[in-house]
């Protein structure tokens with residue numbers, strides 16, 4: 001199933017959100033022919049969203065999670081911000097502080113520089129995500145310490161947001177291992193001055209600032225105007 005949910009299927013989900021365990025006739029609020037309505041019921045059953053027990057229809061566990069995203073008035077699936085982590089590490093090289101930076105090699109924002117980042121998987125704690133992403137994308141290990149939570153919106157304007165991320169920002173100071181790159185990005189150790197010269201992610205300066213200061217920022221929100229993502 002995707003965000004382009006048919007209005008009939010959306011109305012079925014809405015009804016089951018409030019009355020889980022409903023018969024065929026009660027679900028058919030639009031008065032469609034039985035054949036037409038049956039098509040939509042069967043589609044939801046095939047997708048594992050709805051199940052039939054006897055003569056009644058119920059949301060499955062998957063269906064409850066899916067239908068929970070439904071705008072019950074507009075009958076559209078709502079979009080939500082993506083919980084993500086951004087991880088860097090600090091290391092002294094030849095007497096100077098260097099930070100772990102990645103050049104992103106996939107869309108969106110292909111070619112931009114910033115911290116290692118990745119989505120928090122369902123059922124995963126953010127710190128677990130940080131450890132996993134750090135190792136998968138760099139081959140390095142360490143103990144990530146959270147230094148900030150930032151909610152960043154990016155797009156041409158507030159009415160046309162293209163990216164919506166909640167970033168749990170982590171810093172690793174006891175880094176171990178040999179740095180490697182992957183298909184997802186090229187990884188480097190860079191000084192603050194070197195980073196300032198790079199084409200970094202829109203809004204990245206806020207993340208860099210907390211890593212440099214090592215002063216925890218509980219929560220911050222930011223809209224960054226970006227024409228092309």
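Bear in mind these aren't lab numbers, they're just calculated from the coordinates by the rules spelled out. Predicted model, so just to flag it, every value in this text is computed and none were measured. For neighbour counting, all protein chains shown are included, and Cβ atoms are generated from backbone atoms with ideal geometry for every residue, glycine included.
Report, in deg cm²/dmol and to the nearest 500, the calculated mean residue ellipticity at 222 nm for the chain, where each DSSP H run with n ≥ 4 adds -39500 (n - 2.57) and the sum is divided by the residue count.
That calculation yields -8000 deg cm²/dmol at 222 nm.
Based on other C-beta atoms within 10 Å, arrange 97, 224 from fewest to most.
Taking fewest neighbouring Cβ atoms as first place, the list is 97, 224.
Helix 126-138 sits at what angle to the longest principal axis of the chain, using alpha carbons and giving 0 to 90 degrees rounded to 10?
Result, in degrees: 60.
Would you mind classifying the range 103-229 by shape? Square roots of the alpha carbon gyration tensor eigenvalues, ordered a ≥ b ≥ c; an a/c under 1.5 is rounded, otherwise it is prolate if a/b is larger than b/c and oblate if not.
rounded
Can you give me the C-alpha center-to-center distance between the range 4-38 and the range 156-225, rounded to a whole angstrom?
Here the two parts' Cα centres lie 45 Å apart.
Rank-order 63-72, 213-222 by packing density, defined as the average count of other C-beta atoms within 10 Å over each peptide's residues, highest first. Intermediate results must be reported in sequence, preceding the final value.
On the way: 63-72: 16.3, 213-222: 11.5.
The peptides rank, most packed first, as 63-72, 213-222.
Note the angle between two axes, namely the Cα long axis of helix 34-46 and the longest principal axis of the Cα atoms of the chain, as a number of degrees from 0 to 90, rounded to the nearest 10.
Helix 34-46 and the main axis of the chain meet at about 30 degrees.
Kirkwood Rh and Cα-based Rg: tell me the resulting Rg over Rh for the range 157-219, rounded to two decimals. Don't skip to the end; give the middle numbers.
Details: Rg = 14.4 Å, Rh = 14.5 Å.
Using only Cα positions, Rg/Rh for the range 157-219 is 0.99.
Let me make sure I get this right: for the range 25-110, a, b and c are the square roots of the gyration tensor eigenvalues over alpha carbons, sorted descending. Under 1.5 in a/c it's rounded, otherwise prolate if a/b > b/c, else oblate. Which is it?
Values: a/c = 4.26, a/b = 3.67, b/c = 1.16.
The shape class here is prolate.
Which angle between 0 and 90 degrees, to the nearest 10, do you get for helix 7-18 versus the longest principal axis of the chain when only C-alpha atoms count?
90 degrees
Please say if the range 82-147 is rounded, prolate or oblate, where rounded means a/c under 1.5 for a ≥ b ≥ c the square roots of the C-alpha gyration tensor eigenvalues, and otherwise the choice is prolate for a/b larger than b/c and oblate otherwise?
In terms of gyration-tensor shape, oblate.
Residue 213 to residue 62: FRET efficiency via 1/(1 + (r/R0)^6), r the Cβ-Cβ distance, R0 41 Å, to the nearest 0.05?
According to the calculation, E is roughly 0.40.
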